[in-house]
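Encoded as structure tokens, the structure appears first; notes follow it.
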Amino acid sequence: QAPLVESGGGLVQPGGSLRLSCAASRDIFSIYDLGWYRQAPGNDRELVAAFKRGGSANYRDSVKGRFTISRDNAKNTVYLQMNSLKPEDTAVYYCNAEYLGYNYWGQGAQVTVSS
């Protein structure tokens, strides 16, 4: 089994919502810092949201108030709820697990916001 397995994504109209899921192995889920990144064509990969030590979350400014990162400890799964989506949110979204400089990445989920 891959360390991180993503699901969700797709095509949505502006103002719509999507939820991404990322299922992790038990060890990774319990030890690694988990978050979501995205990469649009021609752009660098950028942090969208991530859990910090202590359990609180941080978000990039452009998604604050619209996106929510959450986790289900019983399912070893982290989610990214995306509301009020905008065309500029269009990108491939990647789940990330990081610990002491070691990184695992999900396979990526395409999110396209277009009318």
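The values are calculated or read from the model by the stated rules, or taken from the named source; none is laboratory data. Everything quoted here is computed from the prediction, not taken from an experiment. All Cβ positions, even for glycine, are placed from backbone atoms using ideal geometry, and neighbour counts span all protein chains on display. Calculation scope for accessible area: heavy atoms of the full protein, side chains included, ligands and nucleic acids excluded. Shrake-Rupley method; radii C 1.70, N 1.55, O 1.52, S 1.80 Å.
Scan the range 5-57 residue by residue and report those that are β-branched (V, I, T) and either within 15 Å of N73 (Cβ to Cβ) or buried (at least 18 other Cβ atoms within 10 Å of the Cβ) (or both). Once the filter is applied, which keeps residues that are β-branched (V, I, T) and either within 15 Å of N73 (Cβ to Cβ) or buried (at least 18 other Cβ atoms within 10 Å of the Cβ) (or both), the range 5-57 yields V12, I28, I31, V48. Taking the range 13-27, which residues are in contact with a Leu (Cβ under 6 Å, 6 or more places away or on another chain) and either under 22 Å from Y102 (Cβ atoms) or part of a strand (DSSP E or B) (or both)? Result: L20, C22, A24.
Taking the criterion of being under 14 Å from W105 (Cβ atoms) and part of a loop (DSSP other than H, G, I, E, B), the residues of the range 28-66 that qualify are Y32, R45. For L85, are the conditions met, namely being open to solvent by less than 20 Å² (accessible area, probe 1.4 Å), closer than 20 Å to G16 by Cα and part of a loop (DSSP other than H, G, I, E, B)? Spelling it out, L85 is indeed open to solvent by less than 20 Å² (accessible area, probe 1.4 Å), closer than 20 Å to G16 by Cα and part of a loop (DSSP other than H, G, I, E, B). Just so you know, in the range 59-76 the residues that are within 12 Å of the chain's Cα centre (by Cα) and under 23 Å from L100 (Cβ atoms) include one that is surrounded by the fewest Cβ atoms within 10 Å (Cβ to Cβ), and it is R71.
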